[in-house]
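Here's the structure we're looking at; comments come further down.
The values are calculated or read from the model by the stated rules, or taken from the named source; none is laboratory data. What you see is a predicted model, and the numbers here were worked out from it, not measured in a lab. Glycine gets a Cβ as well: all are built from the backbone with ideal geometry, and neighbour counts include every protein chain shown.
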Amino acid sequence: MPKFLITASYNAEGVKGLMAEGGTARLAEAQALAGALGGKIEAMYFAIGSDDLIGIVDAPDTASALALTGTVSASGKISAKLTQLITPAEMDAAAAKSKTLKYRAPGA
């Protein structure tokens, strides 16, 4: 199952809700949402810095991962970003395929 990195930032209303409900309630909500899409939360952490939340999600496909982050962001209280993660074996496969390709750089 593909893995995705989700990073997110709460706005003031989202932080207010997080403080009222607590972190484990938000984890349970994220687990239910991912589960409804056929996925699961592998890890979820709150953070100090430019992102308030960092998670690793297993999703059956990219569309499901996009649905998850789109639904969360549509709440208006959190802005989520999605990054698809690539395994070392997938990188090896890409490297092997790239050896057969020819590319002419602009101006070359």
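In the range 10-45, what residues are within 15 Å of the chain's Cα centre (by Cα), farther than 16 Å from Thr71 by Cβ and in contact (Cβ under 8 Å) with a residue 24 or more places away in the chain?
Once the filter is applied, which keeps residues that are within 15 Å of the chain's Cα centre (by Cα), farther than 16 Å from Thr71 by Cβ and in contact (Cβ under 8 Å) with a residue 24 or more places away in the chain, the range 10-45 yields only Glu42.
Which of the following residues is on the phi < 0 side of the Ramachandran plot, modelled with pLDDT under 95 and among the polar types (S, T, N, Q): Ser9, Ser50?
Ser50
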